[in-house]
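Taking it in order: structure first as structure tokens, then the write-up.
The values are calculated or read from the model by the stated rules, or taken from the named source; none is laboratory data. This one's a predicted model, so the numbers in the text were calculated from it and none came from an experiment. Neighbour counts are summed over all protein chains in view; Cβ atoms, including those assigned to glycine, are modelled from backbone coordinates with ideal geometry. Just so you know, the surface numbers come from the protein's heavy atoms only, side chains and all, with ligands and any DNA or RNA stripped out. Shrake-Rupley method; radii C 1.70, N 1.55, O 1.52, S 1.80 Å.
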Amino acid sequence: MFHLNSFLHLPLHFLHLKQIHCLLLTSPIFYTRRDLFLSRLIRRCTAATQFLYARRLLCQIQTPSIHLWDSLVGHFAGGITLSRRLSVLSYVQLRRNGVFPSRHTFPPLLKAVFRLMDSNPFQFHAHIFKFGLDSHLFVRNSLISGYCNRGLFDCGYRVFDGTEDKDVVSWTAMIDGFVRNGSASEAIAYFVEMKKTGIAANEMTVVSVLSAAAKTEDVRFGRSIHGFYLETGRVKCDVFIGSSLVDMYGKCGFYDDAQKVFDEMPSRNVVTWTALIAGYVQSRCFDKGLFLFQEMLESDVTPNEKTLSSVLSACAHVGALHQGRRVHCYMIKNLIEINTTLGTTLIDLYAKCGYLEEARLVFERLYEKNVYSWTAMINGFAAHGYARGALDHFQTMLRSHVLPNEVTFIAVLSACAHGGLVEEGRRLFLSMKERLNLEPNVDHYACMVDLLGRKGLLEEAKALIERMPMKPTNAVWGALFGACLIHKDYELGKYAASRVIKLQPSHSGRYTLLANLYSESQNWNDVARVRKQMKDQQMVKSPGCSWIEVKGKLHEFIAFDTKKCVESDDLFKTLDNAGMQMRLRDELEDFDLITLL
């Protein structure tokens, strides 16, 4: 029997645990030390995630102690959804047996309760008061953290405010709560307040405050945290803090610093790789992000959902269809579920690369479609000029009881503008506030100005700008200016151009467009005046840039840059040859026409 007892300390398969249970039941010694053996067997079953079997064993214990109940509740709390429910059920059974909970019962129990979206945490909070356990600091810290993570921030704040002996865990839970609830600036303020109380930060505090610096894009504050805590060794830099540093520098646009921290890390996990890739993608260094993703795969690091989403976004921006398809195939091969986030990014990729049918297939195969996936599909139809298809999908979206957001209306109004559907666009614009209680913003007004301008309704577009409840931006005036160029209304075009230049006086492209307008109206004196103004202000037009994918490899081309690519000579020769072939074809067609005449 004592040999069997020692076996319970070894890593055993669940089948072996059941065999030991059977042997215990047939032994007379078992009945003299029943509770001890069952307690150890329960702990092993919960460690092997056999929760239902462990709960049945618990019912066989004649007088289970509170320590055994706490152990069982704690084991259940850290598992999957079913396990968390068993943690709550174990607490219910504990109370039905007349056992009083201890201060060790609630921290793991609250962890399970707050993660179950259909549970009521206030009931358990009431039990904490009932049994007089609210005076224990780590119970209160569990309440603060749980309420903040659940989105019940006001409740967490009240518990924090009512705690007299706050420690670093209390402050960190509150700082993290501010970050999670979109108040990163307040998180930084609370961190400063914590420092004034003399409480030293720990690793979790540094991670939370670096996340706040990333969300506010306050790189100066992030650098101060990096220097004060990590460079001086006050806090040990592990893989979690290193990942937070990479994420902070990347989101602030300092990807060189992010790369430096990344290179100096002794070990990296998927979060670290993902943070750096996302930083490059957000900084529009798409080629670097894609190259880093290849290095990640070669390092045998398995990407997660956020990694794949960032890589697919980079592929969509540069039109890297081949690489995007390889990522899609990787997801299928490795049985990665294409949820709404990944599905939306795939739809955007295929639509931007010109493969609308493949985007539609991904959309139709999504098990769950949210407003973002619907918007991506509508935007894909709009970008390809299928205005009716975009409107049909918008109506189907409404019938599916998915409410559109502001971005959805930008997509569908853009579709109306490209399709010349003025009446439909007007109805949609009015329905935003009347039917869906969405206040049109400046981007929606820009879409309407573009819609009216493309159809030649320039005066109506100007009147709409004058009625706007907010100040028009360069996008609004730029839409009117572009319409004036199309319909050759040079006087109104000059007025719109003056407004655009007033908003962006240092933007060279605006002066170039104004010079083009004067050129089309053959006003050569004003053309010369604008060119001279650009020269006096030393304005340099930013060169055009494009990417092309050849055999799965991205190539970047910048206008008038012959040094960037070693294949430039071959490229220009090919273009010259194509131009010559086109001119020769035109000459042959002209010759055939003259012969026929």
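May I ask you to verify whether V311 is at pLDDT 90 or above and aliphatic (A, V, I, L, M)? Yes. Consider G156 carefully, then state whether it is in contact with a Leu (Cβ under 8 Å, 6 or more places away or on another chain), within 16 Å of F178 (Cβ to Cβ) and small (G, A, S). Taking the combined requirement at face value, the residue satisfies it. Looking across the stretch 201-214 at every residue that is of a type outside the set (A, V, I, L, M) and surrounded by 19 or more Cβ atoms within 10 Å (Cβ to Cβ), the one that is farthest from L245 (Cα to Cα) is identified as T205. Of all residues in the stretch 232-242, none are free of Cβ contacts under 8 Å to residues at least 24 places away in the same chain, open to solvent by less than 30 Å² (accessible area, probe 1.4 Å) and closer than 28 Å to I336 by Cα. Look at K288 and say whether it is more than 24 Å from K195 (Cα to Cα), basic (K, R) and buried (at least 20 other Cβ atoms within 10 Å of the Cβ). So K288 fails the test.
For the stretch 333-342, which positions are surrounded by fewer than 20 Cβ atoms within 10 Å (Cβ to Cβ) and in a helix (DSSP H, G or I)? Within the stretch 333-342, K333, T340, T341 qualify. On the stretch given as the stretch 197-222, residues that are under 12 Å from M248 (Cα atoms) and in contact with a helix residue (DSSP H, G or I) (Cβ under 8 Å, 6 or more places away or on another chain) total 16.
Kindly check whether there is at least one residue in the stretch 249-270 that is within 16 Å of the chain's Cα centre (by Cα) and of a type in the set (D, E, K, R). Yes, there is a match, as at least one residue in the stretch 249-270 is within 16 Å of the chain's Cα centre (by Cα) and of a type in the set (D, E, K, R).
Among the helices (runs of 4 or more DSSP H) confined to the stretch 243-332, the ones with at least 2 residues that are under 21 Å from Y372 (Cα atoms) and in contact with a Ser or Thr (Cβ under 6 Å, 6 or more places away or on another chain) are located at 270-282, 305-318.
Only one of V270, V281 is out of contact with any Phe, Trp or Tyr (no Cβ under 7 Å at 6 or more places or on another chain) and surrounded by 19 or more Cβ atoms within 10 Å (Cβ to Cβ); which?
V281
For the stretch 444-503, the set of residues classified as more than 24 Å from N405 (Cα to Cα), assigned to a helix (DSSP H, G or I) and among the acidic types (D, E) consists of E459, E460, E466, E491, listed by residue number.
Residues of the stretch 119-153 that are under 22 Å from G182 (Cα atoms), surrounded by 22 or more Cβ atoms within 10 Å (Cβ to Cβ) and out of contact with any Cys (no Cβ under 6 Å at 6 or more places or on another chain): N141, S142, L143, I144, S145, G146, C148. Candidates are the residues of the stretch 106-118 that are open to solvent by less than 40 Å² (accessible area, probe 1.4 Å) and in contact with a Lys or Arg (Cβ under 7 Å, 6 or more places away or on another chain); the one that is nearest to G177 (Cα to Cα) is F114.
When the stretch 172-184 is filtered for residues that are out of contact with any Ser or Thr (no Cβ under 6 Å at 6 or more places or on another chain) and open to solvent by less than 20 Å² (accessible area, probe 1.4 Å), the ones remaining, listed by number, are M174, G177, F178. Annotation: of all residues in the stretch 465-490 being charged (D, E, K, R) and under 17 Å from R454 (Cα atoms), the one that is surrounded by the fewest Cβ atoms within 10 Å (Cβ to Cβ) is K488.
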